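Peer 1: Dumping the structure here so I can ask a few things about it.
The values are calculated or read from the model by the stated rules, or taken from the named source; none is laboratory data. Keep in mind that this is a model prediction, so the values were computed, not measured. Note that we place each Cβ from the backbone using ideal geometry, even for glycine, and neighbour counts take in every protein chain shown. SASA here: full protein model, heavy atoms, side chains in, ligands and nucleic acids out. Shrake-Rupley method; radii C 1.70, N 1.55, O 1.52, S 1.80 Å.
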Amino acid sequence: MTGFGVLLIILGLGSLLLPMFNLQFRLMEIVDPYQPFAGIIVAAIGAVLVYLGLQRTRAAATAAMAPAAPAAAPAAASAGDAATAPPATPPSGEPPVDPT
């Protein structure tokens, strides 16, 4: 999108400047009766395309560079939480023993 926008800017501005040297782009000869407005409009469309292309590139780069959210670590149990927390499973895979 950005490359096409640059091409349109070159065509638009060139179609404004080249008639000073008795030249014109063949593609822009079609709209020669409507100059300089056609050249200004083509260059403006090109500028909008360049702007949108740069915004899209920046958004993609920002999304790619954003760090992933860190995994939520379990909160440390306080003394008051120990009474309400469920008993931990022993590492051997045996069912937990109720301390009560």
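Peer 1: Going through GLY14, GLY80 one at a time, which residue ends up being open to solvent by less than 60 Å² (accessible area, probe 1.4 Å) and at pLDDT 90 or above?
Peer 2: Of GLY14, GLY80, the one residue that is open to solvent by less than 60 Å² (accessible area, probe 1.4 Å) and at pLDDT 90 or above is GLY14.
Peer 1: Restrict the check to the range 21-32 and report whether at least one residue is touching a Pro at 6+ places or on another chain (Cβ under 9 Å), within 29 Å of GLN55 (Cα to Cα) and at pLDDT below 95.
Peer 2: So in the range 21-32, the residues touching a Pro at 6+ places or on another chain (Cβ under 9 Å) come out as 32.
Checking the rest, the ones that are also within 29 Å of GLN55 (Cα to Cα) come to none.
Among the residues of the range 21-32, not one is touching a Pro at 6+ places or on another chain (Cβ under 9 Å), within 29 Å of GLN55 (Cα to Cα) and at pLDDT below 95, which makes the answer no.
Peer 1: Just for the range 55-67: of the residues that are open to solvent by 80 Å² or more (accessible area, probe 1.4 Å) and in a helix (DSSP H, G or I), which one is farthest from MET1 (Cα to Cα)?
Peer 2: That would be MET65.
Peer 1: In the range 8-35, which residues are assigned to a helix (DSSP H, G or I) and over 36 Å from the mean Cα position of the chain (by Cα)?
Peer 2: If the condition is that a residue be assigned to a helix (DSSP H, G or I) and over 36 Å from the mean Cα position of the chain (by Cα), then LEU18, PRO19, MET20, PHE21, GLU29, ILE30, ASP32, PRO33, TYR34 are the ones that fit.
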